[in-house]
Structure formats: structure tokens, C-alpha cells
Amino acid sequence: MKFKGHESFAIRRGWLYKGMKHVRERGDIFLAKDAMEELGLGSNMVKSLRYWMQATGLTKETSEGSHRVQKLTELGELIWREDPYIEEIGTLWLLHAHLVTNEELATSWHFFFQRFLMQEFTKEDFVHTLRGEADAAESSLASDFDCILATYIPRTLLKGRVDPESNIDCPLGSLGLLRPVSVDGTGGKEGKSKVYRRELQDPANIPSEIFLAVLLAFAKGRAELSLQDVLSGTEEMAGAGRTFGLDFAGLLAMLYRMERSGALQVVRTAGLDVVRIRTKEPPLAWAERYYEGLVGEG
């Protein structure tokens, strides 16, 4: 488990491009003496970017002799090749899916999207619930919650006004997964907790190939999955429905849309409620199909 690895900074626009570019050139960049100068970031921001590169699955960090170095993962190589500036909605979903299922490095994100079930909630709700399961300081959990908000809610919505520094927003805020309900849920009285809400997603706005890539990664070779497990997950498998902000009806619509590709089959007869995986292609092959389709559209 890891908490507050972000140094209180959410991912900022341009950071992941910057990180990939420099990691490709120099794997030890984040621990180099001239890291701040090379990256154009302050000391804590360098630490934050080092963390986010791994938490989103773009890089892995290993030891080479006495040095710690980062290298792009297969996902990182694909995104660097196809969408290095992190502009496509499919790229954002891929990064989000990896982040919210990375229990080791992004424990609070994993808990929030996979196990914290409240639709409307306050910071106190989240911190109290997670403290019942995690041995971590309350201040660290509170900091993680604030960073989750900054990850998924644009600052203009959080502050209720236009922010001239909107370039510091996290690109994942474009997914529309969270939003504030009101100032505090009690009509605006000071001292009351602000209330936030999960937003159900329209399956039509989620690229089929990206959803399938994520589902296959979660399935880890299983040929048949129950619909409930695809929605909510199990101890061994993350829930695709929860990851993408879909309810049961939205999930079914998504799966039926993908069924036409022949990659899977939805079976709801003879007492069954399952998804049968038909494709033999690996997850990232479907992500590549998504990017190939974008080229075709252009």
C-alpha cells in the first residue's frame, strides 16, 4: 500500500509527455542531480512526476547496479507512439483504468473506484471508510482524497469560478467521472462538508476497443466471466463497470455493442448471466486497433 506518493500534486497537463520524453532519453532522470533543471519542475514536482509515471502504468522502475531507473512499459511505448501528448479520450481511459486498479502504488484510487460504493459522499465519508481498512495517517488519506478530486474534477468546478491557470488541471478531469453536488450539501453554511457525486457514463462515449482492452487485462486469461463480476469485480479481478462509471444497464449496452465485433458473447439464457471471451488477441492489440481507427477517421 502507498499513500500520498503524489506529493500533493495531481497530474498536470503536459507532465506525462514530459516524463515519457525524458525517460526515453535517460532512465535515471528523476534521481539525477540536474533533474529539476532538465524537467523544468521543482523538487517536489519531480518526485510527484516520478510517482505518476509508475502509477499510471507508463513506466516501471527497476535497479541497475546502484541506480534506480525507469523504462517505458508496453503501454507507455504504445502511448508514446500513438498519442504522446495525451489528447485522445481512449488514452485517458487507459491511464485511468491502470491508475484505479494499481492497488500497490495508488491505494486510495483503487479503494475509491473499486470498493468505496457511496454515490454521494464527503471527504469525511471517504477517510473514515478507508481508515477502517488501511494503516495510514488520517492526514495522508485526506491528502489522497483532495488529490482524487483534483484528478477528476476541473478546478473551475471545484472553485466555482474560472481559473486563469487552468493548464494545471489534470487531463483525466475530461472523463467527467466526478463532480461537486453543492457547496456543502446543506445550503452553503460554513463548517459543513462539501458533497461530491459519481457521474454515470454514457457507454456511447467510451471507445469499444479501449473498453475491451481493459476488460481483457482484468480477465487475465479467463474465458468466461459473470456479468456481476464484470460490473463490480472480485478480490482477484477489478470491476470494469466500476472503473468506467457504468451501471448494469450501461455495462450491458457496452457489451452488446462489442458483441458485434465477435470478440465476446453475452449469454443470458438457461439461467446464465455471463460474458464469454472469444478473442485470442492480447489487450494492447485492441488498444492498437483504437488508434488505427483514429488514423482512418483522419
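What follows draws every value from the coordinates through simple rules; no lab data is involved. As the structure is a computational prediction, the values presented were derived from the model and not from experiment. Note that each Cβ is placed from the backbone with ideal geometry, even for glycine, and that neighbours are counted across all protein chains shown.
Our compactness index for segment 206-297, the C-alpha radius of gyration over the empirical 2.2 N^0.38 Å, is 1.03. Give me the distance between the Cα centres of segment 16-34 and segment 85-108, rounded to whole Å. So the separation of the two Cα centres works out to 20 Å.
Of Glu120, Glu103, the sequence from fewest to most neighbouring Cβ atoms within 10 angstrom is Glu120, Glu103. Remark: relative contact order (segment 206-297) = 35 percent; criterion is Cα-Cα distance under 8 angstrom and separation of 6 or more residues.
Projecting the Cα atoms of Val46, Tyr291, Ala253 onto the dipole axis of the chain, where Lys and Arg carry +1 and Asp and Glu carry -1 at the beta carbon, places Ala253 farthest toward the positive end. Normalising the average separation of contacting C-alpha pairs (under 8 angstrom, six or more residues apart) by the number of residues puts the relative contact order of the chain at 16 percent. Using the average count of surrounding beta-carbon atoms within 10 Å as a protection proxy, the listed peptides 84-92, 213-221, 272-280 rank, highest first, as 213-221, 84-92, 272-280. Ordering Leu94, Leu225 from the fewest to the most neighbouring beta carbons within 10 Å gives Leu225, Leu94.
By the count of other C-beta atoms within 10 Å, a proxy for reagent exposure, Arg260, Arg242 are ordered fewest to most as Arg260, Arg242. Taking label positions 7 Å along the Cα-Cβ direction at both Glu224 and Lys21, the computed distance is 5.1 nm, reported to one decimal. Charges were assigned to the Cβ only: +1 to each Lys and Arg, -1 to each Asp and Glu. The resulting dipole of the chain about its Cα centre is roughly 180 debye. Considering helices alone, the calculated mean residue ellipticity of the chain at 222 nm is -13500 deg cm²/dmol, with DSSP H runs of length four and up weighted by -39500 (n - 2.57) and normalised per residue.
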